[in-house]
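Note sheet for the following structure.
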Amino acid sequence: MRPQIPFRVAAATLLVAGAGSAFAQGAPLKVGLMLPYTGTFAAIGTTIENGFKLYVQEQGGKLGGREIQYFKVDDESDPSKATDNVNKLIKRDNVDVLVGSVHSGVALAMAKAAKDNNTLLVIPNAGADAITGPMCGANIVRSSFSNWQPGYAMGVVAASKGVKRAMTITWNYAAGNESIKGFTEGFEKGGGKVVKDLNLPFPNVEFQALLTEIAAQKPDAVYAFFAGGGAVKFVKDYAAAGLNKSIPLYGPGFLTDGTLEAQGASAQNMLTTLHYADDLNTPKNNAFRKAYALAYKSQPDVYAVQGYDAAQILGAGLKAVNGDIAKRDQMSAAMRKVTVDSPRGKFTISPAGNPVQDIYLREVKGNNNEFRSVAVKGLSDPARGCKL
Amino acid sequence: MDLATFLVQCLNAVQYGLLLFLVASGLTLIFGIMGVINLAHGSFYMLGAYMAFALSPLFGDWFFARLAVGIVLAVVFGYLLEWAFFSFLYERDHLQQVLMTYALILVFEEARSLLVGNDVHGVPAPAWLSGSFRLGELMSYPWYRVFSSVACIVVAIGLYAVVNRTRLGMMIRAGASNRDMVRGLGVDIRLLYRIVFAGGVALAALAGMIAAPLSSVYPGMGGSVLIICFVVVVIGGIGSITGALIASLLVGIVDTFGKVFFAEWSGVGVYLLMAIVLIWRPEGLMKRGH
């Protein structure tokens, strides 16, 4: 029997605990970036990180008075690895906040892990409706959009242009199907009718069979959802098949964002809807674009804006609790009350955690998506299935 | 579906199938004759596409010069790669082959990322092929697609001639069916393998170069091609060029019409085809080396 040992253990524990909390005050805030750094969406991952870091730099490298320490994991846009990857950040690196990701399937796995571990999650891109729908959580906020939003706005625009019969085409996966649903809702509310939905497995890019099908059905317009290499190929194939001369091609902005150099002439004059346009002539956007171009020697795009705003939302939350991440509930609540002064224009966060924002109609001119008009003002995702 | 649309869809199916054949033929050579499971084959396709992207500003409209230079580079690259890596794999088991060739995929992707970046890039078709002709009421068909099919047919005929009509082809076929006997007859099997491997790489790179103006170049483009190529090789019978051709066309037809008629199930169509063929003929449509 050596009774002093429990005492020593207790003393040591107290010491460590005391040192720990003292450490936490001055210690950097651990931000886990889970983004695609390889694969189809690699460029997007880098741009988001750049945008995020730009805002942090503008605040002198601190958010809510805390230095930021980054932990990075490449999620490869692979949902089957997502749970393992997010656990590396949560369990191994003990991050305070998760930021990610681009692919919706990966982000859904992150949302689940964030809920299970009660970790804060800011989503800088993935638009899956479910994240701010059935999967919504008090500790989850999105700085980007829901797939439904740009789709719905394009539906409204198409109907107002007098389009009666439309066809849709996408990859058969969550993001595509949700975007199509949004379009169909906006379009049919305006009196149009979607005559046929075409789809192909992700990430298949053999479109020729489906283009032939479109030519055979002769709709008034086509609404397409693709991104990255698929978007480039679809728009080029559509133009090469001569369909753009008789059947206008509409889509959410992802169809023509960051892809125009590769799409070249085939994308000219296309109309798309998105929560951002490069040439928004506002002081905020001009300043943002200048700062980004200076810092990274390249032009920012919508993904950079979303990364930037993710940092803004996180910063607002941290400020409300003076950098004390332990007050997580207070912080989550503050992150929902913020009005974000974004390069895209001011927006607020819905109770479900999704931006309530203007959706713009843009037209492709040269290598730019030029602002034309506000397609729908202050559009809020219906957040179906969210019980918050 | 009216007759005109049906015919256009058949054209689409054949065109897709032929391009698949071009990539898969290289894989079936390497897989069937050398017995190496080469997961990096998709990377050679990507390499070709990026070569087309890199070489096109240098050669402009000298399209065939661009192809020729690309093929020479691919052969040299394949030859060196075989010497440095693959020649150590023949006696090893499949797991080690898979591990090393998978590692090569990662290396190639990272090298691409460092050299070219992660953006999507378009590759221009030569001006004399950039037009299109009308097909049906609304649609037009780009001449470049026709050209790509013709190029694939030419390569298929060339490959058939080499394998069935030349001394080298005879050694290749012999090597595929019994490598020890070939060695016993005094053929330098190491050199033969090196040539076959370089040829396989060149075929995949050529496919990438031809496909580049149609598909653009983007990160991870090799991955999707790789899987479908393994399907083609397995359906066709490992090591069989004729089998690969038939299988490619079958896959093209199933994929094209699957998308039109069974949109929700189009992802499984090709794999269903593979399952059915394997139940019917476990060795694939054609036997090894025929």
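Only the coordinates and a few stated rules stand behind these numbers; no lab work does. These figures come from a predicted structure and were not determined experimentally. Here the Cβ positions follow ideal geometry from the backbone for every residue, glycine too, while neighbour counts run over all protein chains shown.
Placing one identical point scatterer on every Cα of the range A:124-221 and ignoring solvent, what is log10 I(q)/I(0) from the Debye formula at q = 0.12, 0.20 Å⁻¹? The Cα Debye sum returns log10 ratios of -0.44, -1.00. For the segment B:220-226, counting C-beta atoms of other chains within 10 Å of every residue's C-beta and taking the mean gives 4. Counting neighbouring Cβ atoms within 10 Å and putting the fewest first, the residues B:167, A:142, A:336 line up as B:167, A:336, A:142. As a ratio to 2.2 N^0.38 Å, the alpha-carbon radius of gyration for the range A:225-284 is 1.15. Dividing the Cα radius of gyration by the Kirkwood radius, what Rg/Rh value follows for the range B:3-113? Result: Rg/Rh = 1.06.
Among A:355, A:371, A:330, which residue has its Cα furthest toward the positive end of the charge dipole of the range A:326-380, with +1 on Lys/Arg Cβ and -1 on Asp/Glu Cβ? Of A:355, A:371, A:330, it is A:330.
About the centre of its Cα atoms, chain A shows a dipole size close to 760 debye [charges on the beta carbon of Lys, Arg (+1) and Asp, Glu (-1) only; nearest 20 debye].
Partners of residue A:88 within straight-line reach, counting aspartates and glutamates whose Cα lies under 18 Å from its Cα and excluding those fewer than 8 residues away in the same chain: A:74, A:75, A:76, A:78, A:96, A:116. Considering only B:36, B:286, B:142, and ranking their Cα positions along the charge dipole of chain B that arises from unit charges at the beta-carbon of Lys, Arg, Asp and Glu, the one farthest toward the positive end is B:286.
Could you tell me whether the protein assembly as shown comes out rounded, prolate or oblate from its Cα gyration tensor? Rule is a ≥ b ≥ c as square roots of the eigenvalues, rounded for a/c under 1.5, then prolate if a/b exceeds b/c, otherwise oblate. The partial results should precede the final answer.
Working: a/c = 2.14, a/b = 1.37, b/c = 1.57.
It comes out oblate by the Cα gyration axes.
Here chain B is assigned +1 on the Cβ of each Lys and Arg and -1 on the Cβ of each Asp and Glu. Its dipole about the Cα centre then comes out at about 780 debye. Dimensions of the range B:158-271 based on its C-alpha atoms, expressed as ranges along the principal axes with the largest first, amount to 55, 27, 22 Å. Of the residues A:216, A:127, B:47, the one whose Cα sits farthest toward the positive end of the charge dipole of the protein assembly as shown, with +1 on the Cβ of Lys and Arg and -1 on the Cβ of Asp and Glu, is A:127.
By how many degrees, 0 to 90 and rounded to 10, does the Cα axis of helix A:4-26 deviate from the longest principal axis of chain A? Between the helix axis and the principal axis of chain A, the angle is about 40 degrees.
Cross-linked pairs A:112/A:297; A:112/A:196; A:346/B:259; A:196/A:245; A:91/A:290; A:181/A:365: Cα-Cα separations exceed 31 Å for A:112/A:297; A:112/A:196; A:346/B:259; A:91/A:290. Note on the protein assembly as shown: with charges restricted to the Cβ of Lys and Arg (+1) and Asp and Glu (-1), its dipole about the Cα centre is near 560 debye. Backbone phi angles across the range A:357-372, fed through the Karplus curve with coefficients 6.51, -1.76 and 1.60 (θ = phi - 60°), yield HN-Hα couplings of 9, 6, 10, 9, 9, 10, 10, 6, 10, x, 9, 10, 9, 8, 4, 10 Hz in residue order; Gly and Pro are listed as x.
Over the protein assembly as shown, what is the percentage of antiparallel beta bridges among all DSSP beta bridges, to the nearest 5? Can you show the working numbers first?
Values: 25 of 58 bridges.
Antiparallel: roughly 45 percent of the beta bridges in the protein assembly as shown.
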